[in-house]
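Beneath this line is the structure, given in structure tokens, with notes to follow.
The values are calculated or read from the model by the stated rules, or taken from the named source; none is laboratory data. Quick caveat, the model's predicted, so the values are computed rather than measured. Cβ atoms come from the backbone with ideal geometry, glycine included; neighbour counts cover every protein chain shown. Keep in mind that these areas ignore ligands, DNA and RNA; they rest on the heavy atoms of the full protein, side chains included. Shrake-Rupley method; radii C 1.70, N 1.55, O 1.52, S 1.80 Å.
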Amino acid sequence: MPRFTPEELAAARDRVVPDVVADGLRVLFCGINPGLMTAATGHHFARPGNRFWPVLHRSGFTPRLLKPSEQRELLSYGLGITNVVERATARADELSAEEYREGGRLLALKVGRLRPRWLAVVGVTAYRAAFDDRKAQVGPQSRTIGDTRVWVLPNPSGLNAHWTAETMAEEFARLREAAEG
């Protein structure tokens with residue numbers, strides 16, 4: 001993993017991290033917003049300690065553990081990645097309620113255009129804010145976007161101490177089984 005100076009990380013706030021998407025994916029994973037390490041590298045979930053890639057593998061979505069730099073390989077498995085909010089921040093709590101709402105609106109348009117079978121939002125707090133659903137819990141949601149079903153997954157950030165990599169992988173595996181059915 002490359003090391004970045006504080007100045008390089010600060011400059012990363014102005015970078016847009018491209019989506020990894022295609023039409024008709026099995027699952028479109030949706031992060032909250034890019035962290036500074038993700039923005040600096042251009043690779044989703046790039047911060048050391050983020051459990052997204054290990055959990056994706058442990059849950060059976062990928063046959064091997066992918067590195068963030070291999071994110072484009074997800075497309076070959078019918079998977080993709082986007083974010084609720086495009087703006088990079090050091091922490092998700094730097095985002096405003098308006099950014100979440102606007103992000104949810106834009107995400108719904110993107111999902112309508114790409115038509116994945118499942119939209120998987122990683123982070124229940126982000127989902128609640130983006131879609132104004134204060135009672136949402138981790139798991140499948142009653143909401144759909146067109147024909148796309150919605151599943152809320154636990155946030156894989158290392159800061160999320162409520163979920164272990166093992167319990168996260170179990171929840172991701174529940175989604176994988178539903179997406180295969």
In square nanometres and to one decimal, what's the mean projected area of the convex hull around the Cα atoms of the stretch 80-125? 3.5
The simple spin-label model distance between Leu75 and Arg143, using points 7 Å out along Cα→Cβ, in nm, is 2.8
Antiparallel bridge percentage (DSSP; both residues within the chain; nearest 5): 25
Please sort 13-22, 120-129 by packing, taking for each peptide the average over its residues of neighbouring beta carbons within 10 angstrom, highest first. 120-129, 13-22
Using Cα centres only, tell me the gap between the stretch 27-90 and the stretch 109-152 in whole Å. 17
Along the charge dipole of the stretch 111-181, pointing to its positive end and built from +1/-1 on Cβ of Lys, Arg, Asp and Glu, which listed residue (Gly123, Thr164, Ile145) has its Cα farthest out? Ile145
To the nearest 20 debye, what charge dipole does the chain have about its Cα centre, counting +1 at the Cβ of each Lys and Arg and -1 at the Cβ of each Asp and Glu? 260
Label-point separation, Asp19 to Glu170 (7 Å along Cα→Cβ), nm: 3.3
Net dipole in debye of the stretch 91-181 [+1 Lys, Arg Cβ; -1 Asp, Glu Cβ; about Cα centre; nearest 20]: 360
For every other residue with a beta carbon closer than 14 angstrom to the beta carbon of Leu74, add +1 if it is Lys or Arg and -1 if Asp or Glu, then tell me the sum. +2
On the accessible surface of the stretch 19-137, probed at 1.4 Å with all protein chains in place, carbon and sulfur together account for a percent value of 51
Can you pull the three principal axis extents for the Cα set of the chain, in Å, largest first? 46, 38, 33
